[in-house]
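A quick write-up on the structure given underneath.
The values are calculated or read from the model by the stated rules, or taken from the named source; none is laboratory data. The shown structure was predicted, so the numbers you read here are calculated from the model rather than taken from an experiment. So basically every Cβ, Gly included, is an ideal-geometry build from the backbone, and we count neighbours across all protein chains shown. Calculation scope for accessible area: heavy atoms of the full protein, side chains included, ligands and nucleic acids excluded. Shrake-Rupley method; radii C 1.70, N 1.55, O 1.52, S 1.80 Å.
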Amino acid sequence: MTDPLHAELLRLAREAAGRAGALLRDGRPADLEVARTKSSPIDVVTEMDIAAEKLITNLISEHRPDDGFLGEEGASTEGTSGVRWVIDPLDGTVNYLYGLPTWSVSIAAEQDGETVVGVVAAPMRGETYHAVRGEGAWATGAWEGERRLACRPAPPLEQALVSTGFNYVTEVRAHQAEVARKLIPLLRDIRRGGSAAIDLCDLAAGRLDGYYERGLNAWDYGAGDLIAREAGVLTGGRPGERPNPALTVAGTPGVFEPLQQLLEDFGAWHD
């Protein structure tokens, strides 16, 4: 049985992700422009990122005014309840800006510092993924009804399909490209989708064998990491570490450790 608090958090996260996803899908202006930049001139925020985060935080605050927030677009409050919401209102902003479909809304709820609920909505796919800690990962949209997710059986590393992402700072990207150059001959192939949350959910759904990226923040992987782990995926950072901004690695059992070791050997954790 789901803990009543976790059930409430899941309900709120699903409602907020659904509403924000609909706003982003249906409210995208034809003349969408960049509102500001972040780490570089090509790392952008649009007016819709900001509007979606406001929608999410307002909705949750109406029901749970004592909770804290950590949002990519600036939401940051401590809260007093022991619950903190970690929000990426639009993961894959550049895809969204260009009209590409691979973008998502990612909402995680932490209780006393541990992620207990994760929801990722991918509106242009018509899919939503969710998990409660200890109760498995589930998805709706591409499948009939609600489907429990399970990662793929592990192939040999040379047959593994692995996704990644690249930073928007030129010097960092150059090193990441060198890591990818070394990895490609050792794998089936590499994909670059543009949304970390969707990559982690695709891993949970059996559409990928592995994933890695340097430079992610808590809002990028918070929900997707829980969903992946609840589907049987192993996740971490450098050997012995949890996912973190230096490096996030995820893979099916059998792919995770050799992929993690290659990334360690290739220096994927530094610029």
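Only a single criterion out of (1) of a type in the set (A, V, I, L, M); (2) open to solvent by 30 Å² or more (accessible area, probe 1.4 Å); (3) in contact with a helix residue (DSSP H, G or I) (Cβ under 6 Å, 6 or more places away or on another chain); (4) touching a residue at least 40 places away in the same chain (Cβ under 8 Å) is not satisfied by residue 56, namely (2). Criterion applied to 180, 160 was being surrounded by 22 or more Cβ atoms within 10 Å (Cβ to Cβ) and touching a Lys or Arg at 6+ places or on another chain (Cβ under 9 Å), and the one residue passing it is 160.
For residue 29, the criteria (1) open to solvent by less than 70 Å² (accessible area, probe 1.4 Å); (2) in contact with a strand residue (DSSP E or B) (Cβ under 6 Å, 6 or more places away or on another chain) hold in every case but one, which is (2). Of the residues 61, 40, the single one that is in a loop (DSSP other than H, G, I, E, B) and open to solvent by less than 50 Å² (accessible area, probe 1.4 Å) is 40. The numbered conditions (1) under 20 Å from residue 109 (Cα atoms); (2) buried (at least 18 other Cβ atoms within 10 Å of the Cβ) are all true for residue 260 except (1).
Here residue 45 does not qualify as open to solvent by less than 90 Å² (accessible area, probe 1.4 Å), farther than 22 Å from residue 224 by Cα and either touching a strand residue (DSSP E or B) at 6+ places or on another chain (Cβ under 7 Å) or among the aromatic types (Phe, Trp, Tyr) (or both). When we screen 250, 268, 231, 218 for residues that are within 12 Å of the chain's Cα centre (by Cα) and surrounded by 21 or more Cβ atoms within 10 Å (Cβ to Cβ), the only hit is 250.
Evaluated against (1) in contact (Cβ under 8 Å) with a residue 60 or more places away in the chain; (2) assigned to a strand (DSSP E or B), residue 69 falls short on exactly one condition, (1).
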